[in-house]
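Here's the structure we're looking at; comments come further down.
The values are calculated or read from the model by the stated rules, or taken from the named source; none is laboratory data. For clarity, every value in this text was computed on a predicted model and none was experimentally measured. Note that each Cβ is placed from the backbone with ideal geometry, even for glycine, and that neighbours are counted across all protein chains shown. For the accessible areas, the whole protein counts, side chains as well, though only heavy atoms, and no ligand, DNA or RNA atoms are used. Shrake-Rupley method; radii C 1.70, N 1.55, O 1.52, S 1.80 Å.
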Amino acid sequence: MFKKILFLLIASVTILSCASKKDILYYQDIKNNTQSSVVYAPSQIQINDILRVKIDALIPESAKPFNMEITTSLSSKNDVVQGYLVSQDGTIVLPILGTIKVVGLSTNELQDLLVKMLNDNGYIKDANVNVMVINSKVTVLGEVRNPGTYSFSEQNISLNQAIGYAGDLTINGKRSDVLLIRESNGVRTYIKLDLTSSSWFTSQYYYVKQNDVIIVNPNGPKIMTSGYLSNIGGILSVLTFGLTVFLLVK
């Protein structure tokens, strides 16, 4: 009798400690040789972004006064970068052009705005303007191999790329419960994503925005083996001891 009960306990703990296939595989609803359109979602400029603005013209000397680089210190580091820090009121100050509201614009929209300002004010005709956010970063936390904050220079990266920077989810990451925290225009939004499904591929959350935070929660087996009962052996030892005491008393 004792052996049967002990066997049932061991079998139960083992089953409860295992993750099933449906909990581990990504994008289980994707069929072979299928296609879907990619919707590009340009990022909007945010407060505390650092912008590199480069203005070119057919006559290089005419653009030189507009390209006075500003040295900006990074508060969390000792290094400095060449660029324009977006202030708390959402503006930057460019040489000659003055104060410009940039928050809420994409880099392409700001480029078009600067070209128009240069042309309308008679400064440069047919100017070529390039704007880039040079301090874009994403933070990945939780059940990933290398949690941390990662910088990227692309205009956009996907959520898959961001997770790839962190070394992918561990076997203990709950793929159906990934939290994306996004701040935009003074509003913080919390989005739950299911990485076992591809349904969010066409949503606005497919691309990571600068300053996004991604949190991968632990799955059931990870939670079960946390705390005082830190491993299966510990669980079995407690159960066996309890059963032994019960049988002796009885």
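Whether any residue in the range 81-102 is modelled with pLDDT under 75 and not small (G, A, S) is what I want to check. Within the range 81-102 (the criterion being modelled with pLDDT under 75 and not small (G, A, S)), the answer is yes, since at least one residue qualifies.
Scanning the range 81-129 for residues that are acidic (D, E) and over 15 Å from I50 (Cα atoms) yields E109, D112, D120, D126. Of the residues making up the range 96-110, those that are closer than 19 Å to K209 by Cα and of a type in the set (S, T, N, Q) are S106, T107, N108.
Scanning the range 159-210 for residues that are of a type in the set (V, I, T) and in contact (Cβ under 8 Å) with a residue 60 or more places away in the chain turns up I171, T196, T202, V208.
Counted as qualifying within the range 97-199 are the strands (runs of 3 or more DSSP E) with 2 or more residues that are under 29 Å from T34 (Cβ atoms) and not basic (K, R), namely 137-142, 173-184, 187-193. Looking at this structure, is M117 without any contact (Cβ under 8 Å) to a residue 40 or more places away in the chain and either more than 19 Å from the chain's Cα centre (by Cα) or open to solvent by 40 Å² or more (accessible area, probe 1.4 Å) (or both)? Judged against the criteria, M117 is a match. Summed over the range 133-158, the residues that are closer than 20 Å to V178 by Cα and without any contact (Cβ under 8 Å) to a residue 40 or more places away in the chain give a count of 6.
Filter the range 89-147 for residues that are of a type in the set (D, E, K, R) and over 16 Å from K64 (Cα atoms) and give the result.
D89, K101, E109, D112, K116, D120, K137, E143, R145
Here is the figure for the range 144-182: residues that are among the charged types (D, E, K, R) and within 14 Å of the chain's Cα centre (by Cα) total 3.
E183 falls short on exactly one of the conditions (1) open to solvent by less than 70 Å² (accessible area, probe 1.4 Å); (2) at pLDDT below 95, and that condition is (1). Test of understanding: among S106, S151, S158, which residue is under 26 Å from R175 (Cα atoms) and open to solvent by less than 40 Å² (accessible area, probe 1.4 Å)? Just a single option satisfies the conditions, and that option is S158.
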